[in-house]
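> Mind looking over this structure? Questions follow.
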């Protein structure tokens, strides 16, 4: 059985046992179900669900932090009299293999303020990104490759 579905089932069982079907009780049931799965998953031999959840939480925290920093940078640029933006279009080489991985990477880059995914090369090896604040092209590429792309692939693979 898919362990995510088991976790959802345990959350629903928890809410039925408590007698109140609220978001808080469902969330608590999901957390308690996850803790149960953490304990019993090693007994089944293969551990795939709990490490993926931890990687997903790490990626979420990383992305929210990057979004926060980008928002601060844009807010500072808007509120000061000097313009700090140095827009460039940058070709970022990709390690992604599937269309879904490319799409998610492009969307997460676009969600980050100050960057916009423009296009993917026909061979799907390069993503073209418009970035507002680029001091060093190689550093920007390295931040995308080692930061967002590496963490996203860690979650997906």
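Read-outs throughout are calculated quantities, based only on the coordinates presented, and are distinct from any laboratory measurement. Note that the structure is a prediction, hence the values are computed from the model and not measured.
> Return the single residue from 136, 95, 77 with maximal mean-square fluctuation; model: Gaussian network over the chain, springs between Cα atoms under 10 Å.
136
> If you average the sequence gap of Cα pairs under 8 Å that are 6 or more apart and divide by the length of the chain, what percent do you get for the contact order?
Values: 152 pairs, mean separation 31.8, N = 157.
Relative contact order here is 20 percent.
> Let me have the 222 nm mean residue ellipticity of the chain computed from DSSP H runs of 4+ only, each contributing -39500 (n - 2.57), with the sum over all residues rounded to the nearest 500. Can you show the working numbers first?
Numbers: 6 runs with 92 residues, N = 157.
Rounded to the nearest 500, the figure is -19500 deg cm²/dmol.
> Treating the angle as unsigned and between 0 and 90°, give the value, to the nearest 10°, between the Cα long axis of helix 23-40 and the longest Cα principal axis of the chain.
80
> For helix 49-79, report the angle its Cα long axis makes with the longest principal axis of the Cα atoms of the chain; keep it between 0 and 90° and round to the nearest 10°.
The two axes meet at around 40 degrees.
> Using only alpha carbon positions, build the gyration tensor of the chain, then give the equivalent ellipsoid semi-axes as the square roots of 5 times its eigenvalues, largest first, whole angstrom.
Numbers: eigenvalues 296, 86, 29 Å².
Values for the chain, descending: 38, 21, 12 Å.
> Let me ask something else. Relative to the longest principal axis of the C-alpha atoms of the chain, give the angle of the C-alpha long axis of helix 99-111, reported between 0 and 90° and rounded to the nearest 10°.
With rounding to tens, the tilt is 70 degrees.
> Given the options 67, 132, 16, state which has the largest fluctuation in a GNM of the chain using a 10 Å cut-off (strictly under) for Cα springs.
16
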